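Read through the structure below, which is laid out as structure tokens, and then see the notes.
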Amino acid sequence: MAQGQASVLLIYLETHTPLVSKLLALIAPAEAAVAPQPVSDLLSRDASAGRVVADLQAWVGVTKTPVDPRLEQALITASEDPAPGAITRAATAVGLSAARLRALAQAQLSAPLSQWLLWRKLERSGRALAGGATAADSALAGGFADQAHLSRTMKRMFGVTPVEAARSLGPVDDRFIQ
């Protein structure tokens, strides 16, 4: 990094996670707050996004709960399959109906499976953008129907288009963590 430049750490946390629930409970009923000193200390270190998230989880007492192995395998299968019908194919691969897989995901992820898969599509597209792909190629990499579909989705979810995001992305490091 050039002298005089500051680094920025942006961590986008999925709203349905236990970490976000605990962090929001700390500031309730406000929608925003100045970070408490321990959190500020975590954020001020020169640490990777993954390390900061792990430290935040430890600070608020979030522990990982085991995921049903069928759901875990289905998530891997579905996340690697950008084509329509991925949920049905993943469910079949682990011996579940699509409806049962959706119910299991809702119970264990606290979010609809379709929402989880949308995040994975955005992640794949984001990785492609960060790697220098065009907006059209990143849409394809993410499994979006076309560049316009990716643009609308990114604008709705993040407030920026792929072209705007690509301008601010540098070399890929640990920006994308799960």
Once the range 18-60 is represented by equal point scatterers at the alpha-carbon sites, with solvent omitted, what log10 I(q)/I(0) does the Debye formula produce at q = 0.15, 0.19 Å⁻¹? -0.36, -0.57
Using the 10 angstrom Cβ neighbour count as an exposure proxy, how do 46, 146, 68 rank, fewest first? 46, 146, 68
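Indicate the gyration tensor shape class of the range 77-176 (rounded, prolate or oblate), computed on the Cα atoms with a ≥ b ≥ c the square roots of the eigenvalues: a/c under 1.5 is rounded; otherwise a/b larger than b/c is prolate and the rest oblate.
Numbers: a/c = 2.24, a/b = 2.09, b/c = 1.07.
The shape class here is prolate.
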Gyration tensor (Cα) of the range 1-151, equivalent ellipsoid semi-axes in angstrom: 31, 24, 13
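As a footprinting exposure proxy, order 138, 168 by other Cβ within 10 Å, with the fewest listed first.
Neighbour counts put them in this order, fewest first: 168, 138.
Under the rule that an exposed site lies in a DSSP loop and has at most 15 other Cβ atoms within 10 Å, name the longest stretch of the chain with no GluC sites (Glu not before Pro) of that kind, not counting the sites themselves. Kindly include the intermediate steps, with their values, before the conclusion.
Numbers: sites that count: 14, 31, 80.
Longest site-free region, per DSSP loop and neighbour criteria: 81-178.
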Sorted by Cβ density within 10 Å, fewest first, the residues 158, 144: 158, 144
Per the C-alpha gyration tensor (a ≥ b ≥ c, the square roots of its eigenvalues), the range 115-168 is rounded if a/c is under 1.5, else prolate if a/b beats b/c, else oblate; here it's rounded
Straight-line reach from residue 121: which lysines fall under 17 Å, measuring Cα to Cα and dropping same-chain residues less than 8 apart? 155
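Every read-out reported here was derived from the displayed coordinates using simple, explicitly stated rules and does not represent laboratory data. Not measured: the values here are computed from a predicted model. For neighbour counting, all protein chains shown are included, and Cβ atoms are generated from backbone atoms with ideal geometry for every residue, glycine included.
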